[in-house]
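Working notes, beginning with the structure itself.
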Amino acid sequence: MVTYDSHPKITLDMENGIYVFPPESATGKTYLFGILRNLQMTGCPIVTYNYWDYTMGVKLGDKLREFNPEVVMIDRMDCFDTDEDVRSSLLSMRSKAIVLLDLKYLSPPPFGCRFAEIDLSPDAIEVVG
């Protein structure tokens, strides 16, 4: 379990591994991604990655090696799921970090992912896997 004393407070109630969120809209995935990205910028051991990073040539593997994160969140992985750097980098992290994937259209999810659910309240986000 990992907790960040941010506002809202974030609790990730899960073990290290790769988790995928259900593909429904308006569940808080993008909101969570934004807060985790802000925490990453303040120095927390988090790596966030999205399609913008991908199109700008940012290599996920390089970010993971540089920051050695305890949490990784990928937004819209379905936009670049065939990239070998992304896939191998995520697989290398499954025993070292909590990896959260937002996949809109992939079925079945890759890597034998487990499912994660988001519970939102005004003061807290809890992710359970």
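The values are calculated or read from the model by the stated rules, or taken from the named source; none is laboratory data. Note that this is a predicted model, so its numbers are computed, not measured. Quick reminder, even Gly has a Cβ in these numbers, built from the backbone with ideal geometry, and neighbours come from all protein chains shown. Surface areas here come from the heavy atoms of the whole protein model, side chains and all, with no ligands, DNA or RNA. Shrake-Rupley method; radii C 1.70, N 1.55, O 1.52, S 1.80 Å.
Miscellaneous remarks
- Surface analysis of the chain yields an accessible area of 52 Å² per residue, using protein heavy atoms and a 1.4 Å probe.
- Answer label for semi-axes √(5λ) of the Cα gyration tensor in Å (calculated), chosen among (i) 28, 17, 11; (ii) 45, 23, 10; (iii) 20, 17, 14: (iii)
- Value of relative contact order over the chain, rounded to a whole percent, pairs C-alpha under 8 Å and six or more apart: 40
- Residues whose amide H lies under 5 Å from that of M73, counting only those 5 or more places away or on a different chain, are V47, T48, Y49, L100; hydrogens are built 1.01 Å from N in the peptide plane.
- In nm, spacing of pseudo-spin labels at V58 and S95 (7 Å Cα→C-beta vector): 2.8
- Stretchable slack from Y31 to Y51, in nm (0.36 nm times residue separation minus alpha-carbon distance): 5.6 nm
- Backbone HN-Hα couplings from phi across the stretch 79-90 [Karplus 6.51/-1.76/1.60, Hz, Gly and Pro as x]: 6, 8, 5, 8, 5, 5, 4, 5, 4, 5, 5, 5
- What a 1.4 Å probe finds exposed on the chain is 51% carbon and sulfur by accessible area, rounded to a whole percent.
- Taking Cα centre as origin and charging only the Cβ of basic (Lys, Arg, +1) and acidic (Asp, Glu, -1) residues, the dipole magnitude of the chain rounds to 220 debye.
- Antiparallel bridges, percent of DSSP beta bridges restricted to the chain (to nearest 5): 30
- In Hz, Karplus ³J(HN,Hα) per residue of the stretch 46-62 (6.51, -1.76, 1.60; θ = phi - 60°; x = Gly, Pro): 10, 10, 10, 8, 9, 5, 4, 4, 4, 5, 7, x, 6, 8, 4, x, 5
- Residues in the stretch 91-103 carry Karplus couplings, in order, of 4, 5, 9, 4, 9, 10, 8, 7, 10, 10, 10, 9, 10 Hz; the curve used is 6.51 cos²θ - 1.76 cosθ + 1.60 with θ = phi - 60°, and Gly or Pro positions show x.
- Other-chain or far-sequence residues with amide H under 5 Å of K9's (modelled H): A124, I125
- The residue list G129, L36, V72 was ranked by how far each Cα lies along the charge dipole of the stretch 23-129 toward its positive end, using unit charges on Cβ atoms, and V72 comes out on top.
- Under-5 Å amide H pairs with R94, H placed in peptide plane, nonlocal only: none
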